[in-house]
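Take a look at the structure below.
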Amino acid sequence: MSDDLSASNTLLEVNNLSVHFPVTKRRLFGSDTQMLRAVDDVSFVIHRGETVGLVGESGSGKTTVGRAMLRAIDPTSGEVLFNTAAPDAAQSQVAVHTLSGTALRQFRPRMSLVFQDPYSSLNPRMTVRDIIAEPLVASGLMKDRAQIDARVRDIAARCKLNLEHLRRFPHAFSGGQRQRICIARALVSKPEFVVCDESVSALDVSIQAEIVNLLRDLQDEMGVSFLFIAHDLSVVAQISHRVAVMYVGKFVEYAPTEKLFFSPRHPYTHALLSAIPLADPDANFAPIRLKGEIPNPLTAPSGCRFHTRCPFAKDRCSTDVPEWREVAAEHFTACHFAEEFDFSRPNGNASEIPA
Amino acid sequence: MSRLLSVENLTISFRTDEGTITPVQDVTFAVDKGRTLGLVGESGSGKSVSTKALMRLLPRTASLGADTKMHYTAKDGQVMRIETLSDRSREIRALRGGEMGMIFQEPMASFSPVYTIGNQIIEAIRLHRPMSKREARAFAIDMLDKVGISNAGARIDQYAHELSGGMRQRAMIAVALSAGPALLIADEPTTALDVTIQAQVLDLMRDLQRELGMGMIFITHDLGVIAQVADDVAVMYLGSIVERGPARDVIRAPKHPYTQGLLAALPSLDTLSKRLTPIPGEIPSPNARPSGCPFHTRCAQKIAGLCDRKIPREVVPEPGRAVRCWLYDENGRAVA
């Protein structure tokens, strides 16, 4: 974990990022267009060599944040600033949100994506070698076949793939092996930033642990930063240096992992943590009962978006949008009453230190 | 406590183009009235197939083993021998739904998109209870209310796509419960739901079970869910139950190396940033089941020449518990 939080260590700066989709409803005469605010005014920073976890329930906009940062979706407004360390880069800070055409294509190898489902994200008609080499070929980064082969073999070995397997087709592999192929493909261009979108959610527990360990090792070796998107908080807790929580298109809290999990300030984070069933029969499982369902982002509630379900909601919450602010060092949250809440729970790490 | 269901030596084979495969082998378990049995295992371990066999819902290519016994005590006290019933007999049709209810993982796939929720609940009620349409409708609204669907009177006329995921799963539970089953089989009922919604549904299922005194089989791959809902647990690996016993004891002090590995691989919320401990290797495919103990290919404690040759028998290490592993002798004591 990097303790140096100086500006030179910043890899990505996301400022006021918003992604809105027009949703058109046909009527008998004419049509209605509404704006779906999938991501609304999100700002955060990712450091070099760091893993940022992004959690939230379905429809909260986690995937959209990841895709907008990679320019797989064009952001509606806001900035994504990328401080590249690549020696061949023309300038050190690239405004990813303004790139287009050739400039964007040439920049693409600097960032990458690992998907959720290792079954549907590998082309069954390509060999493993061709799958892993594709980012190099498609971006025009490398042209020499021998050079590409060397790079593919290097990354496959790092991802603990058997080099004999490079000639095979993906159908011959199990879920865990396929996910390693996907990771090798994402890292072959030596990107500085990789989005892992629910990359371990589809795997069985015993395999999942292995992939999480692999991602950590690769980060230590290559210094890559991860945005680790997941709905499973316990996996995020293990892999992330810092964690952001999203609710209906907005960040509600962003803090170093220990602070977020052991002393959260936002009532939603607290409720989310209480809802996780622990594999401990003596743990007191008393999830905070949230009223109702997750709101539709098309008709997001006014004021604080969580006020319709928040057990602590007051009048002010339904009218004023809470300010995104730093309530403690490196601990950001958006709740009017964050300073008054103390949701701390015992930290198992502390008790591990021998007395 | 009375026995509701006892399954002995359940073996299921499928005829396939590549020959016969046996995804479930010699599975033994029991469910008591008012208690929950958690069936836990990773993909391909045979959890779902085993419970489908209980309702005789297997495809025609499947066959049950010769010494398979599935005895169920019906609500009127009669013992039904499920393995002898024909797939289409009147008895098995009364059993499906009326005696045993089932909830599946993906509620969107279990509801018909062209009928309203109400239509489908009323159908289930009228199949198992002598009620007029009007009475059945009133009963259906009551059921929806009971599973916590607000404004049930209006929701009953909606279609499945108009409900949210959590609401749909509640409606599914209402369908299963409306026929008044004595045993509820829940196949990964919360896996597709978000955690806050999952907590709501688990809460609801616990309350309903307490109220109705049903027995329950809860299939899941999530040991956290098991720890919170199950009284007893059976851990499956590649078609065999490797360990079973009271949930608390099994999770606190697992005996089988697979259960130990599974618990160690689980990321914890209490101690962060510790390196996870995966179980080495991959889960073998069911058509290439290893000889001997199915887990020996990944087991760190395997005994060469024994585990890879002979299938371990089930032994009793403590009263109420059972484990299938060569690390324990006939009396269930650990072999040094």
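The values are calculated or read from the model by the stated rules, or taken from the named source; none is laboratory data. Just so you know, these numbers come straight off a predicted model, no measurement behind them. Reconstructed Cβ throughout: ideal geometry from the backbone, glycine too, with neighbour counts over all protein chains shown. Quick note on the areas: whole protein, heavy atoms, side chains included, nothing else; ligands and nucleic acids left out. Shrake-Rupley method; radii C 1.70, N 1.55, O 1.52, S 1.80 Å.
Descriptive notes on the structure:
- Chain B: proportion of alpha-carbon pairs further apart than 25 angstrom, %: 55
- Placing R0 at 51 angstrom, the Cβ-Cβ distance between A:THR76 and A:ASP282 gives a FRET efficiency of 0.55 after rounding to 0.05.
- Taking chain B as a Gaussian network of alpha-carbon nodes connected by springs under 10 Å, the highest mean-square fluctuation of the residues B:MET236, B:MET55, B:MET108 belongs to B:MET108.
- Rounded if a/c under 1.5, otherwise prolate or oblate - the range B:254-324, Cα gyration tensor axes: oblate
- Full extension of the chain segment joining A:PHE29 with A:GLU164 gains 42.4 nm, where the gain is 0.36 nm per residue of separation less the Cα-Cα distance.
- Only helices enter the 222 nm calculation for chain B: every DSSP H run of n ≥ 4 contributes -39,500 (n - 2.57), and dividing by all residues gives -8500 deg cm²/dmol, rounded to 500.
- Taking the Cα centre of the range B:113-175 as reference, the dipole from Cβ charges on Lys and Arg (+1) and Asp and Glu (-1) amounts to some 120 debye.
- Per residue accessible area of the range B:254-324, 1.4 Å probe, in Å²: 47
- Size of the B/A contact, given as accessible area buried on both chains, probe 1.4 Å, in Å²: 4200
- Under the Karplus curve 6.51 cos²θ - 1.76 cosθ + 1.60, θ = phi - 60°, whole-Hz ³J(HN,Hα) for the range A:303-308, x wherever Gly or Pro sits: x, 6, 5, 8, 5, 5
- Along the axis of the charge dipole computed for the range B:254-324 (Cβ charges of +1 for Lys and Arg, -1 for Asp and Glu, origin at the Cα centre), the listed residues B:PRO267, B:LEU306, B:PRO319 are led at the positive end by B:LEU306.
- Share of carbon and sulfur in the accessible heavy-atom surface of the range B:113-175 [1.4 Å probe, %]: 50
- Sparsely packed loop sites in the range B:1-66 (the trypsin sites (Lys or Arg not before Pro) outside DSSP H, G, I, E and B with at most 10 other Cβ atoms within 10 Å) comprise B:ARG60.
- Gyration tensor (alpha-carbon) shape descriptor, the range A:263-355, a/c threshold 1.5: oblate
- Loop-located GluC sites (Glu not before Pro) in the range B:1-75 (DSSP state other than H, G, I, E, B) with a sparse environment of at most 16 neighbouring Cβ atoms within 10 Å: B:GLU18.
- Integer Hz, Karplus 6.51/-1.76/1.60 couplings in order for the range B:18-30, x for Gly and Pro: 8, x, 7, 10, 10, x, 10, 10, 6, 8, 10, 7, 9
- On a per residue basis, the range B:89-189 carries 45 Å² of accessible surface, using protein heavy atoms and a 1.4 Å probe.
- The modelled label-to-label distance for the pair A:ALA146/B:ASP67, using points 7 Å beyond Cα in the direction of Cβ, is 6.6 nm.
- Simple label model, 7 Å out from Cα along Cβ direction - A:ARG316 to B:GLU330, nm: 7.6
- Around the Cα centre of the protein assembly as shown, unit charges on the Cβ atoms of Lys, Arg, Asp and Glu (plus for the first two, minus for the last two) sum to a dipole of about 1860 debye.
- Chain A - charge dipole about Cα centre, Lys and Arg +1 at Cβ, Asp and Glu -1, debye rounded to 20: 1400
- Derived scalar couplings between HN and Hα for the range B:282-292 equal 10, 6, x, 6, x, 7, 10, 5, x, 6, x Hz in order, rounded to whole Hz, by the Karplus curve 6.51 cos²θ - 1.76 cosθ + 1.60 (θ = phi - 60°), x for Gly and Pro.
- When you restrict to C-alpha pairs under 8 Å that are six or more residues apart and normalise by the size of chain B, the relative contact order lands at 19 percent.
- Take every Cα pair under 8 Å whose residues are at least 6 apart in sequence, average their separation, divide by the length of the range B:262-302, and the relative contact order is 31 percent.
- Nonlocal amide H pairs with B:VAL233, under 5 Å, H built at 1.01 Å: B:GLY38, B:GLY245, B:ALA247
- With all protein chains kept in place, the per residue accessible area of chain A amounts to 44 square angstrom at a probe of 1.4 angstrom.
- FRET efficiency for A:SER344 and A:ASP217, using Cβ-Cβ distance with R0 set to 35 Å, rounded to 0.05: 0.60
- Dipole of the range B:113-175, positive direction: furthest Cα of B:GLN158, B:ALA140, B:ILE125, with charges on the beta-carbon: B:ILE125
- Only protein atoms count toward the accessible area here, which uses a 1.4 Å probe; on the range A:263-355, the carbon and sulfur part of that area reaches 53 percent.
- Counting only whole DSSP H helices of chain B, the ones at least 18 Å long by C-alpha along their axis and with mean Kyte-Doolittle hydropathy no lower than -0.5 are B:165-178, B:195-212.
- Euclidean distance of C-alpha centroids, the range A:74-123 and the range B:138-176, integer Å: 45
- Among A:HIS307, A:VAL194, A:ALA283 the positive-end extreme of the charge dipole of the range A:182-328 (Cβ point charges): A:HIS307
- In chain A, Cα pairs under 8 Å separated by at least six residues give a relative contact order of 18 percent.
- Protein accessible area in the range B:32-81, 1.4 Å probe - carbon and sulfur %: 50
- GNM top mover of A:LYS250, A:LYS291, A:LYS25 - chain A, alpha-carbon springs below 10 Å: A:LYS25
- For the range A:27-88, trypsin sites (Lys or Arg not before Pro) are listed when DSSP marks them as loop and at most 12 other Cβ atoms sit within 10 Å of their Cβ; the list is A:ARG27.
- Here the Gaussian network model covers chain B, with springs between Cα atoms less than 10 Å apart; of B:THR11, B:THR51, B:THR20, B:THR20 fluctuates the most.
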